[in-house]
Amino acid sequence: MSVQVGAHYLEKEQGWCRPSCSAACRASRPPRVVVLGGGVSGTNAARVAMGMEAHVTVIDRSLERLYELDMQFGSQLHTLFSTVENIEREVMSADLV
């Protein structure tokens, strides 16, 4: 449900806007979703977000799990190893975490 609730707040009627994002920008690109953790809940959240055509990045500290996600979803899903720098960069540029 987390992605569905987040998607509600990304609707145009809710005034979805980042400071660096113009109205034309919002209409022309999918929202950026960051999922912290690639376990069962995180994977399901990523799956729902991908179904809503979002640009999804999963951050996890297990290289084995990231590899499994890469094999399962291919290029539909972006994965990153969990570091302070990666989390900070992705969260700051995300529309939904």
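For the stretch 43-55, backbone phi angles converted through the Karplus equation (6.51, -1.76, 1.60; θ = phi - 60°) give residue-by-residue couplings of 5, 5, 5, 5, 4, 5, 5, 5, x, 8, 6, 8, 8 Hz, Gly and Pro being listed as x.
Distant-in-sequence amide contacts of residue 58, defined by a placed amide H-H separation under 5 Å and a gap of 5 or more residues or a different chain, comprise 35, 78, 79, 80. Of the peptides 30-36, 69-75, the order by per-residue mean of other Cβ atoms within 10 Å, starting with the highest, comes out as 30-36, 69-75. For the stretch 58-73, 3J(HN,Hα) computed residue by residue from phi via the Karplus equation (6.51, -1.76, 1.60; θ = phi - 60°) reads 9, 10, 9, 9, 9, 4, 4, 5, 4, 4, 4, 5, 4, 5, 6, 10 Hz, glycine and proline entered as x.
Values in this text are rule-based calculations from the coordinates and carry no lab data. In this text the structure is predicted, and so the values were computed from the model without any measurement. Every residue, glycine among them, receives a Cβ derived from its backbone with ideal geometry; neighbour counts consider all protein chains shown.
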